[in-house]
Amino acid sequence: MTSAIRHDWTKTEIQEIYDLPLMELIYKAATVHREYHKADEVQVCTLLSIKTGGCPEDCSYCGQAARYHTDIKVQALLPTETVIAHAQKAKETGSTRFCMAAAWREVRDNRDFDRVIDMVKGVNELGMEVCCTLGMLTEEQAQRLQEAGLYAYNHNLDTSEDYYKEIISTRKFDNRINTINNVRKAGITVCSGGIIGLGETHADRMAMLLTLATMPKHPESVPVNALARVKGTPLENNPKVDIWEMVRMIATARIVMPASVVRLSAGRIEMTEAEQAWCFMAGANSIFTGERQTLLVTPNPGVSEDMQMFENLGLKPMENKKTVSSC
Ligand code: SF4
């Protein structure tokens, strides 16, 4: 029998899942995973930072916040042709989703936004799923992005509502929810997850999963990030996230949001192939890949290393859902 998609989870139920004996938890998650997804397929996404650094926000994990002294070089909005050339290359190396990230607090209705609209149109014309992460959005801005062909918008919750103020003081948890609602209203798919290793408690992790899993519609994509400790940020000395905590988080997300794509995101560079294999077993079915250093804010493993890992693990890149559904 297929596990039902539920929106009425309680914190206790989610905690009970997270606390299962590890092998039992992975087995359960792997079972749910097979009910809703092809277990040998992993979506390959490429992330490009289209505007880097100089951000007025104070997210304590982020090297792009202007107030921290990090090694990240500030880069103004890239030319549209450069972005399209990156997307073309990503497509040729097996990516089906192209995510463009700009270090903005919010979108402003100015020429830069007009250029992002052109980028969205251009990447869309390549037949890729186009995703953006640009900060807070109004309903009208979301609508413009949708009309340009935007497939997904990334806006992470980061952590629980209670812990949010310890990590970011320049905006509120409610602002995140508002933007997610605006994205939904415009008919764009939602990519939203969080980060572990920020100093949060297990209860905070459960609260974050509860917010996601009780949304009227689950995010189509749920990134689970392990803190990438960036030198110069307030969290640079946080302990490295334990792999089994990451596996537990992925497995719990998989069980409570069975149909969503669960994305193994930041922190992957610090994982061995065997550790990543456990994450795939626990229900992760998407990764970010890319050129090791160029234009990515924190490094990801290179494309060829990932393809070798797929071969070793008997995995293959997922087909472009957009192309499949429009055929
Ligand atoms: S809003 Fe985004 S780019 Fe700006 S500091 Fe926070 S995470 Fe970094």
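Values in this text are rule-based calculations from the coordinates and carry no lab data. Keep in mind the model is a prediction, meaning the values are calculated, not measured. Ideal geometry is used to build each Cβ from the backbone, glycine not excepted, and the neighbour counts take in all protein chains shown.
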Worksheet item: Under a no-solvent Debye model with one identical scatterer per Cα of the range 1-158, what's log10 I(q)/I(0) at q = 0.10, 0.13, 0.15 Å⁻¹?
Response: -0.52, -0.80, -0.95
Worksheet item: Mind listing the phi-derived Karplus ³J(HN,Hα) values for the range 263-268, rounded to whole Hz, using 6.51, -1.76 and 1.60 with θ = phi - 60°, and x for any glycine or proline?
Response: 9, 7, 10, 4, x, 5
Item to complete: Taking a cut-off of 27 Å between Cα atoms, list the lysines near K91, but don't count ones fewer than 8 places away on the same chain.
Response: K38, K51, K73, K121, K316, K321, K322
Fill in: Relative packing of 220-228, 75-83, 39-47, 160-168, which averages over residues the other C-beta atoms within 10 Å, highest first
220-228, 39-47, 160-168, 75-83
Worksheet item: For the range 118-211, how big is the tail of P(r) above 22 Å, as a whole percent of Cα pairs?
Response: 34 percent
Worksheet item: Summing Lys, Arg as +1 and Asp, Glu as -1, what charge do residues with Cβ under 10 Å from the Cβ of I287 carry, I287 excluded?
Response: +1
Practice prompt. Using Cα positions and a limit of under 21 Å, work out the lysines in reach of K172, with same-chain residues fewer than 8 apart set aside.
Written response: K185
Discussion item. Straight-line reach only, C-alpha to C-alpha below 17 angstrom: list the aspartates and glutamates that K165 could link to, leaving out same-chain residues fewer than 8 apart.
Written reply: E57, D58, D174, E200, D204
Response to the item:
Against the 2.2 N^0.38 Å rule of thumb, the C-alpha Rg of the chain sits at a ratio of 0.92
Worksheet item: What number comes out for the charge environment of V83, summing +1 per Lys or Arg and -1 per Asp or Glu over other residues with Cβ under 12 Å away?
Response: +2
Worksheet entry | Within-13-Å neighbourhood charge of V107 [Cβ basis; K, R +1; D, E -1] | 0
Discussion item. Order 190-196, 65-71 from most to least packed using the mean count of other Cβ atoms within 10 Å.
Written reply: 190-196, 65-71
Worksheet item: Residue by residue through the range 47-62, which ³J(HN,Hα) values in whole Hz follow from phi under the Karplus form 6.51 cos²θ - 1.76 cosθ + 1.60 (θ = phi - 60°), with glycine and proline marked x?
Response: 10, 10, 7, 8, 8, 10, x, x, 7, x, 6, 10, 3, 6, 9, 9
